[in-house]
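A.B. asks: There's a structure below that I have some questions on.
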Amino acid sequence: MAIDEGGTSIDANGDGQTLSYYSRVALTQSAMEAGHAWHMFAVKDSLKPLQLVSKSSSILSASHTLDQVERCVSYHYMGSSNTSRGRPSSRIMNDVFEEFCENTE
């Protein structure tokens, strides 16, 4: 498996190829939780062709349609901030997301 600086990985195995990448940040806050902290999650999208493809072909070649690709989404915890500081700014979320992607295998 190879991962670039943007958190994109391509895993080629006997079952085909999987393209995985961190696409965005999800932000949550719960009124049921003491302190109402803001929680940040990196959203990882994965695409895998449903049909076997040769190792020389591209995972998203023109011959693949959205019906032939399985899409999976997972959420990876990056951190939380105190409610007293307010909602994290876009710049802070971007900095945390960038550092997360750099330090992820």
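A.B. asks: How many residues does the stretch 23-51 hold that are among the charged types (D, E, K, R), farther than 22 Å from GLU102 by Cβ and surrounded by fewer than 15 Cβ atoms within 10 Å (Cβ to Cβ)?
C.D. replies: Count: 1.
A.B. asks: What about ARG91, is it exposed (fewer than 11 other Cβ atoms within 10 Å of the Cβ) and either within 11 Å of LEU27 (Cα to Cα) or modelled with pLDDT of 80 or more (or both)?
C.D. replies: It is true that ARG91 is exposed (fewer than 11 other Cβ atoms within 10 Å of the Cβ) and either within 11 Å of LEU27 (Cα to Cα) or modelled with pLDDT of 80 or more (or both).
A.B. asks: If I filter the stretch 53-76 for residues that are modelled with pLDDT of 90 or more and not in a strand (DSSP E or B), do I get at least one hit?
C.D. replies: Checked the stretch 53-76: no residue is modelled with pLDDT of 90 or more and not in a strand (DSSP E or B).
A.B. asks: Would a scan of the stretch 8-19 turn up a residue that is surrounded by fewer than 17 Cβ atoms within 10 Å (Cβ to Cβ), modelled with pLDDT under 90, of a type outside the set (Val, Ile, Thr) and on the phi > 0 side of the Ramachandran plot? Walk me through how you get there before you give the answer.
C.D. replies: Applying the first criterion (surrounded by fewer than 17 Cβ atoms within 10 Å (Cβ to Cβ)) to the stretch 8-19 yields 8, 10-15.
Those still in the list that are modelled with pLDDT under 90 too: 8, 10-15.
Narrowing further to those that are of a type outside the set (Val, Ile, Thr): 11-15.
Now narrow it down to the ones that are on the phi > 0 side of the Ramachandran plot: none.
The answer is no; no qualifying residue exists.
A.B. asks: Same structure, new question: Taking THR83 and the conditions (1) surrounded by 10 or more Cβ atoms within 10 Å (Cβ to Cβ); (2) modelled with pLDDT under 80, which numbered condition does it fall short on, given that it satisfies the others?
C.D. replies: The one condition THR83 does not meet is (2).
A.B. asks: Of the numbered conditions (1) surrounded by fewer than 11 Cβ atoms within 10 Å (Cβ to Cβ); (2) part of a strand (DSSP E or B); (3) at pLDDT below 80, GLU5 fails exactly one; give the number of that condition.
C.D. replies: Unmet for GLU5, out of (1) surrounded by fewer than 11 Cβ atoms within 10 Å (Cβ to Cβ); (2) part of a strand (DSSP E or B); (3) at pLDDT below 80: (2).
The values are calculated or read from the model by the stated rules, or taken from the named source; none is laboratory data. Bear in mind the structure is a predicted one, so any value in this text is a computation, not a measurement. Cβ: placed from backbone, ideal geometry, glycine included. Neighbour counts: every protein chain shown.
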